[in-house]
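Engineer: Quick one: the structure is below, questions incoming.
Each reported figure results from applying straightforward, stated rules to the coordinates on display, with no laboratory input. Everything numeric here is computed off the predicted structure, so don't read it as measured data. Here the Cβ positions follow ideal geometry from the backbone for every residue, glycine too, while neighbour counts run over all protein chains shown.
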Amino acid sequence: MPSNDKQRTSGEPMLVVRDLAVKVDDKQILRGLDLTVNPGEVHAIMGPNGSGKSTLAQVLAGREAFTVTGGEVRYQGHDLLALAPEERAREGVFLAFQYPVEIPGVSNVYLLKAAVNAVRRHRGEQELDAMEFLSLIREKMKLLDMNDQLLFRSVNEGFSGGEKKRNEILQMALLEPALAILDETDSGLDIDALQVVSKGINALRSPERAMVLVTHYQRLLDYVVPDFVHVLAHGRIVKSGGKELALELEARGYGWIEQETARETAQAAK
Amino acid sequence: MMAAVALASQTAPDPVAADFTRIASALPGANVAWLAKLRRQALERFVERGLPTTREEAWKYTNISALAKRPYTLGTKSDVTPVVDVAPFTFADLGAHLVVFVDGRFSPALSRIGALQAGCTLASVADVLAREPERLEAAFATRTGHTIFSDLNAAFARDGLYLHLAAGVTLGEPVHALFVTTRDDVVAHPRNVIVAEAGARAFVIEHHVSAGAASYFTNAVTQIDIGTKASIGHCKLQQEGARAFHIAGVHIAQRRSSRFESQSIALGAALSRADIATAFDDEGCEASLAGLYLVGGRQHVDHHTLVDHAKPNGTSRALYKGVLDDGARGVFNGKIIVRPDAQKTDAHLANHNLLLSKSAEIDTKPELTIDADDVKCSHGATVGQLDETALFYLRSRAIDPATARALLTYAFAHDVVERVPLAPLRTALERTLLARLPQAERLRDIA
């Protein structure tokens, strides 16, 4: 069974999280979390509700409402926590939101173009004009079976659950991140939408790109097969394994992990 | 003849009376008996009450004492109309009948009134007073919902928009009534009269602007009478100059099954106040009141709305939104009255405010008075900052914080602008709104 510490070490890791502790509203959510992700790898973070999965995803993207109280995060060798959310995005970190935000009056195509051009400016590349952008986006939309009309509607306003999630993956496809974090992207999707979204995610897998999938259920992992599965409980990663761990969790629930963790903790104490 | 009207200290408003005596005989329609009497009575009421103080409930949060300190000049008859370029204030592709008033007076040279179908009269109030004053008697005599400023207007009013639609007439093009003030210390009392007989329909834009940076006072009254099954849309755009005072009353009487749709957009003036009041005089009326105020600096903006459900089966919706930056101050007072007879009333009122700075302030007060038992009424008011999650969402898409804030502010305000039914006007308003936001250049293609 592969484990985190046996991961290949050639080149620089994409992401190294060490002993990360995070508070939200004075409540300790993450308590010493460790995670290493290399380019090309897909990691699934699973765990019961309230274990801190979404907190981890949002802290990595720079949510300011969350306070880091300890530990560090290195992204491509640099201190990720020192960067503002927009700087992280420009450096190639992408978070697909569990609940994408609706922005009335701002067209989807405007936001997408503004995002792509902000990243291009940062990279010292020429900004795309309207025509160039439209041809780029139409190509990406094919991948996600998206209706053209969604481009000209307000951002996420009146989108179905599936359309919102597709729109998130569309943004990812356009921004071409080095590290993509997908927060409960499977939630609220029917089986058809799940397949489309998964197809989109799989198409974006590449040896240069790393992905962290945060999910409560194993369902998504039937379609996007991870290289590693981690169980997050009580603010720490308590178990890591390969894709078969997800199946075990699906069959047995999370209770046995908690018991096992308690046993290990007790043994360590002896 | 120049007439300086010192707008009265609160204790001794007599100078106004003196000015009235001096200029009354030169006002349009001075020889019309009912009008002369009405003007005198209005003046007497004004002199007796004086300008309101913050001790009065309706003026509690809006202090107009600065207004009383300035000497204002009523626009003059003999003066040559200043040369004004009105092009920047018009809307491309709107195809509207443009009716321009400069410093309170109708300007035929700047106006562009197209061909009108039979049964439609579009003219200046001064013209109507000169030729057929009786057309205005009913509208001038109405005082429902009026304030002390309406009395001041009634005493001194000399011009404004007159629109009359005979039964069943639909005015194909909108009317754009443009009030431009050009000079310091001008006081203008525009008096607009809109009458839609049964089944008639029209859309009127009441647009107040300033050419230059003058300090002046606009005191407008718009009287709208909507006949049975008639429908009037009224978009009030207040884009007065930064040193201007703007006080306006829009008073609507609605007959059976009539419809009134209002948008009030307030962007300008140092101090502005708009009272928009509609009364359902018969069954089955509908009113939709939307408003947006977007102010910064030291601007003060006040909206008072009133929907008087006097008769059964009426429906009203009011949505006002405010964006206040810097040290700006906003006031919103929205009233719904449901009288004992007004069963099956369906009324809703909401006011939402976005405070962009710590020193910005809003006083909001929705008021419901319900004296009928079978009604559906609700109201709500919120005051808040930009949504932190939405800001994070945009920043996580590589958008810089200033642009993200501008986008969300626009999204908040857009809710009201999208209710403007005419696309060319809506597009122009969207552009105006964007130009007011930081990062305007980047936001160009937003919609």
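Engineer: Stick to the Cα atoms of the stretch A:141-270, pair each with every other, and give me the Kirkwood hydrodynamic radius in Å at one decimal. Could you put the intermediate results ahead of the total?
Structural biologist: Details: mean 1/r = 0.0609 Å⁻¹.
Result for the stretch A:141-270, one decimal place: 16.4 Å.
Engineer: Please build a GNM for chain A, connecting alpha carbons under 10 Å apart, and tell me which residue among A:G161, A:G188, A:G105 fluctuates the most.
Structural biologist: Among A:G161, A:G188, A:G105, the largest mean-square fluctuation in the Gaussian network model of chain A belongs to A:G105.
Engineer: Would you work out the charge dipole size for the stretch B:388-447 about its Cα centre, treating the Cβ of every Lys and Arg as +1 and the Cβ of every Asp and Glu as -1, and quote it to the nearest 20 debye? Mind showing how you got there, number by number?
Structural biologist: Numbers: 9 positive and 7 negative charges, 16 e Å.
Taking the Cα centre of the stretch B:388-447 as origin, the dipole is about 80 debye.
Engineer: Relative contact order (percent) for chain B, with alpha-carbon contacts under 8 angstrom and 6 or more residues of separation? Working shown, then result.
Structural biologist: Working: 1150 pairs, mean separation 41.8, N = 447.
Computed value for chain B: 9 percent relative contact order.
Engineer: Sticking with this one: Is the shape of the stretch B:187-230 rounded, prolate or oblate, going by the alpha carbon gyration tensor and its root eigenvalues a ≥ b ≥ c, with a/c under 1.5 for rounded and a/b larger than b/c for prolate? Write down the numbers at each step before the final one.
Structural biologist: On the way: a/c = 6.46, a/b = 2.71, b/c = 2.38.
It comes out prolate by the Cα gyration axes.
Engineer: Of the listed peptides B:406-412, A:241-247, what is their order by residue-averaged count of other C-beta atoms within 10 Å, with the highest listed first? Before the final figure, lay out the partial values.
Structural biologist: Working: B:406-412: 23.1, A:241-247: 16.9.
Ranking the peptides B:406-412, A:241-247 by packing returns B:406-412, A:241-247.
Engineer: Given the -39500 (n - 2.57) contribution per DSSP H run of 4+ residues, what per-residue ellipticity at 222 nm results for the protein assembly as shown, rounded to the nearest 500 deg cm²/dmol?
Structural biologist: Values: 19 runs with 197 residues, N = 717.
Taking each H run of at least 4 residues, the total per residue is -8000 deg cm²/dmol.
Engineer: Based only on the alpha carbon positions, what is the Kirkwood hydrodynamic radius of the stretch B:388-447, in angstrom? Write out the running numbers ahead of the final one.
Structural biologist: On the way: mean 1/r = 0.0836 Å⁻¹.
For the stretch B:388-447, the Kirkwood estimate is 12.0 Å.
Engineer: Now, a different point. With springs only between Cα atoms under 10 Å, which of A:S154, A:S240, A:S198 fluctuates most in a Gaussian network model of chain A?
Structural biologist: A:S154
Engineer: Ok, one more. With unit charges on the beta carbon (Lys/Arg positive, Asp/Glu negative), name the residue among B:A66, A:F94, A:G242 whose Cα is farthest towards the positive pole of the charge dipole of the protein assembly as shown.
Structural biologist: Working it through, the farthest residue towards the positive pole turns out to be B:A66.
Engineer: About the Cα centre of the stretch A:4-149, what is the dipole size in debye to 20, counting +1 per Lys and Arg Cβ and -1 per Asp and Glu Cβ, all else neutral? Please report the intermediate quantities before stating the final value.
Structural biologist: Values: 18 positive and 21 negative charges, 50 e Å.
Dipole about the Cα centre, nearest 20: 240 debye.
Engineer: What's the average, rounded to a whole number, of partner chain beta-carbon atoms within 10 Å of each residue's beta-carbon in A:171-181? Mind dumping the intermediate values first?
Structural biologist: Values: counts 3, 0, 0, 1, 2, 0, 0, 0, 0, 0, 1.
That average works out to 1.
Engineer: In addition: What percent antiparallel are the DSSP beta bridges of chain B, to the nearest 5?
Structural biologist: On the way: 12 of 144 bridges.
Given both bridge residues lie in chain B, the antiparallel proportion sits at roughly 10 percent.
Engineer: Which whole-number percent gives the relative contact order of the stretch B:388-447, counting Cα pairs below 8 Å spaced six or more residues apart?
Structural biologist: Working: 31 pairs, mean separation 20.3, N = 60.
After rounding, I find 34 percent.
Engineer: Rounded to the nearest angstrom and ordered from largest down, what semi-axes does the equivalent ellipsoid of chain B get from its C-alpha gyration tensor (root of 5λ)?
Structural biologist: One finds semi-axes of 33, 26, 23 Å for chain B.
Engineer: Considering every residue in B:398-408, what mean count of other chain Cβ atoms within 10 Å of its Cβ is obtained?
Structural biologist: On the way: counts 20, 7, 6, 3, 0, 3, 4, 0, 0, 7, 5.
Taking the mean over all residues of the peptide, I get 5.
Engineer: Sorted by packing (mean other beta-carbon atoms within 10 Å per residue), highest first, where do B:34-44, B:214-224 land? Before the final figure, lay out each step's value.
Structural biologist: Numbers: B:34-44: 17.2, B:214-224: 23.6.
So the peptides B:34-44, B:214-224, ranked by packing, come out B:214-224, B:34-44.
Engineer: Describe numerically, in nm with one decimal, the distance between label points set 7 Å from Cα along Cα→Cβ at A:S135 and at A:A268.
Structural biologist: So the label points at A:S135 and A:A268 sit 5.7 nm apart.
Engineer: Could I ask something else about it? Charges on Cβ only, +1 for Lys and Arg, -1 for Asp and Glu, centred on the Cα centroid of chain A; of A:V229, A:T185, A:V196, which one is farthest towards the dipole's positive end?
Structural biologist: A:V229
Engineer: Between A:R121 and B:R55, how high is the FRET efficiency from 1/(1 + (r/R0)^6) when r is the Cβ-Cβ distance and R₀ = 56 Å? Nearest 0.05. Walk me through the numbers on the way to the answer.
Structural biologist: On the way: r = 57 Å, r/R0 = 1.01.
The value I calculate is 0.50.
Engineer: Also: What does DSSP give for the protein assembly as shown in terms of the percent of beta bridges that are antiparallel, rounded to the nearest 5?
Structural biologist: On the way: 37 of 186 bridges.
Looking only at bridges with both residues in the protein assembly as shown, the antiparallel portion is about 20 percent.
Engineer: Which percent of Cα-Cα pairs in chain A sits in each 5 Å bin, short to long?
Structural biologist: Each 5 Å bin holds this share of Cα pairs: 1, 6, 12, 17, 19, 17, 13, 8, 4, 2, 1, 0, 0, 0.
Engineer: Only Cα pairs within less than 10 Å get springs; with that Gaussian network setup on chain A, which residue of A:A61, A:A89, A:A130 has the largest fluctuation?
Structural biologist: Comparing A:A61, A:A89, A:A130 in a Gaussian network model of chain A, the most mobile one is A:A130.
Engineer: If you put +1 on each Lys and Arg Cβ and -1 on each Asp and Glu Cβ, how big is the dipole of chain B around its Cα centre, in Debye rounded to 20?
Structural biologist: 440
Engineer: What spacing in nm lies between the two simple spin-label points modelled at B:A167 and B:Q117, each 7 Å away from Cα in the Cβ direction?
Structural biologist: Going by the 7 Å Cα→Cβ label model, 1.7 nm.
Engineer: Expressed in whole Å with the largest first, what are the equivalent ellipsoid semi-axes of the protein assembly as shown derived from the C-alpha gyration tensor as the square root of 5 times each eigenvalue? Mind showing how you got there, number by number?
Structural biologist: Numbers: eigenvalues 773, 121, 115 Å².
They are 62, 25, 24 Å, listed largest first.
Engineer: Can you pull the mean other chain C-beta count within 10 Å for peptide A:96-108?
Structural biologist: On the way: counts 1, 5, 0, 2, 1, 10, 3, 12, 8, 14, 9, 3, 0.
Counting other chains' Cβ atoms within 10 Å and averaging over A:96-108 gives 5.
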